[in-house]
Amino acid sequence: QDLPFDTLVEALAPQRDLAYSPLFQVAFGLDNTPKTPLDLSGLDHHPLPFDYESVRFDLTLWIVDHGATQQAYWTYTHDLYTAATITRMHHHYQTLLRSLTDRPDAPIDSLNIHTDAEHEQRRLRRSAMVRSHRDRLAGVAPKPIEAPVQAP
């Protein structure tokens, strides 16, 4: 962070509304700070805990690196998102990460985010829609097309 957030907001002077953050509503954070203790010659110190669960924006995803594992913390505004939506987003994120590890050189737009179950649901919906259209069209009798009348 090269510039304090408050200084940035002051310099940009965006139109303010207390209902939302002035610059962005969605944030992603990666906490991969090494957890090795510092030797500060006689000073007693300890890291301050960070509150990953406070809602600061409409949607935030924090990834905390614990070395061998990572943990995801989702915070969100309950007026905008449901727990089911966040769960679905989390599954999409996991699927994207798996897709990335399977194909690290692939263009980002070719990577998969939908779960196998979602692909199956989409396939079944498309099939049902095609059947519905076919059934509706099956009962429609073709009408003869009249030739346009030409002026003499």
Scan Val55, Val64, Val9 and give me the residue that is open to solvent by 60 Å² or more (accessible area, probe 1.4 Å) and free of Cβ contacts under 8 Å to residues at least 60 places away in the same chain.
Val55
Can you name the residue in region 67-84 that is part of a strand (DSSP E or B) and not aliphatic (A, V, I, L, M) and is also least open to solvent (accessible area, probe 1.4 Å) among such residues?
Thr75
With the checklist (1) exposed (fewer than 10 other Cβ atoms within 10 Å of the Cβ); (2) not in a loop (DSSP other than H, G, I, E, B) in hand, flag the one item Leu18 doesn't pass.
(2)
Please determine whether any residue of region 90-103 is among the hydrophobic types (A, V, I, L, M, F, W, C), modelled with pLDDT of 90 or more and surrounded by fewer than 10 Cβ atoms within 10 Å (Cβ to Cβ).
no
What residue, of Arg122, Arg134, is over 18 Å from Phe28 (Cα atoms), among the basic types (Lys, Arg), open to solvent by 100 Å² or more (accessible area, probe 1.4 Å) and part of a helix (DSSP H, G or I)?
Arg134
Within 25 Å of Asp58 (Cα to Cα) and open to solvent by 80 Å² or more (accessible area, probe 1.4 Å): is that true of Val26 in this structure?
yes
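To keep it simple, each residue is scored yes or no on (1) free of Cβ contacts under 8 Å to residues at least 12 places away in the same chain; (2) basic (Lys, Arg); (3) farther than 27 Å from Thr115 by Cα.
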position	(1), (2), (3)
Arg16	yes, yes, yes
Ala27	no, no, no
Leu40	yes, no, yes
His45	yes, no, yes
Thr60	no, no, no
Gln70	yes, no, no
Trp74	no, no, no
Thr82	yes, no, no
Kindly list, by first and then second residue, each pair from a residue in region 87-109 that is assigned to a loop (DSSP other than H, G, I, E, B) to a residue that is at pLDDT below 95 and loosely packed, with under 12 Cβ neighbours inside 10 Å, limited to pairs with Cβ atoms under 8 Å and residues at least 6 apart or on different chains.
Arg103/Ser110
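For every residue, the table says whether it meets (1) more than 28 Å from Pro34 (Cα to Cα); (2) modelled with pLDDT of 95 or more.
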site: Val64; (1), (2): no, no
site: Gly67; (1), (2): no, no
site: Thr75; (1), (2): no, no
site: His78; (1), (2): yes, no
site: Ala84; (1), (2): yes, yes
site: Ser110; (1), (2): yes, no
site: Ile113; (1), (2): yes, no
Got a sec? Which of Ser110, Ser54 is within 21 Å of Phe24 (Cβ to Cβ) and not acidic (Asp, Glu)?
Ser54
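The values are calculated or read from the model by the stated rules, or taken from the named source; none is laboratory data. Note that the structure is a prediction, hence the values are computed from the model and not measured. In this analysis, Cβ positions are derived from the backbone assuming ideal geometry, glycine residues included, and neighbour counts consider all displayed protein chains. In case anyone asks, the SASA skips ligands and DNA or RNA and just uses the protein heavy atoms, side chains included. Shrake-Rupley method; radii C 1.70, N 1.55, O 1.52, S 1.80 Å.
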